[in-house]
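Right, one structure below, let's go through it.
The values are calculated or read from the model by the stated rules, or taken from the named source; none is laboratory data. None of the values given here were measured: they were computed from a predicted structure. Here Cβ is always computed from backbone atoms with ideal geometry, including for glycine, and neighbour counts include all displayed protein chains. For accessibility, only protein heavy atoms count, side chains too; no ligands or nucleic acids. Shrake-Rupley method; radii C 1.70, N 1.55, O 1.52, S 1.80 Å.
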Amino acid sequence: MHRRQINHVIDATAGLGRDAMVLAQLGCAVTAIERVPALCFLLQVAAKECDAAIKVLCAEAEPWLREHNVAAGRPEVVYLDPMFAAIGKAQVKKEMQACRALAGAPTDAHALLTAAREVAQDRVVVKRHPRHEPLASDVSFEVKSDRVRFDVYLPA
Ligand SMILES: C[S@@+](CC[C@H](N)C(=O)[O-])C[C@H]1O[C@@H](n2cnc3c(N)ncnc32)[C@H](O)[C@@H]1O
C-alpha cells in the first residue's frame, strides 16, 4: 500500500503538547499553536529538552490560520483537540487538571474547524470523546477506540 508522506502538521490546539510530541516522533514537522502563554512556555521547554521538531507559537489559532493560509505554506494536515472531554474527575490526571484550569473557556471549535479546512491540503483530524458528536456532519471517516475518536475531514 502506498503511504503518502506527511511533512508538515499544524497542531492548532497544542495544550501540553503530548499529541504534538507523538506527531514529531513519527517524523512530522509540527507547528504547535497554543493561546495560553503559560502552556506555550511549558511546551517550548519540553520541545527543546526533547530536541523535537516542534515550532511553538503562542497565538489564537483561528485568525492565525486565516492570516497564514498562503504566506507560511499550507500544511498537509491540521490537527485539532479543542476541548477537554467531560469525564469523571477520578480519571483526570493532575497535569490535565492544571491544563484545564489554565485553558479557561472552550473555544468556538466549529469556527476553528472551518478555518482549518480552508488551510489543510490533505486533511483535518479532530480528536473527540467517543460519545460526543462530530464538529461537522460531513466526516470522511473516523478512527475510534474506547477512549477516543479521531474524525477525519478530507477536502471536498
Ligand atoms: C484539550 S487541550 C489539548 C491537549 C493536547 N492535544 C495535548 O496533547 O496536550 C486544548 C488546548 O487547546 C487550546 N486552545 C483551544 N482553542 C484554541 C484556539 N482557538 N487557539 C489556540 N489554542 C486553543 C487550549 O488553550 C488548550 O490548551
Number of the exception - Ala90 against (1) at pLDDT below 90; (2) open to solvent by less than 80 Å² (accessible area, probe 1.4 Å): (2)
Which residues, counting only those in region 3-38, are within 12 Å of the chain's Cα centre (by Cα), farther than 14 Å from Ala61 by Cβ and either of a type in the set (A, V, I, L, M) or more than 7 Å from the ligand (Cβ to nearest atom) (or both)? Leu16, Met21, Val22, Leu23
Candidate set from region 93-143 (those that are surrounded by 12 or more Cβ atoms within 10 Å (Cβ to Cβ) and in a strand (DSSP E or B)); member that is farthest from the chain's Cα centre (by Cα): Glu142
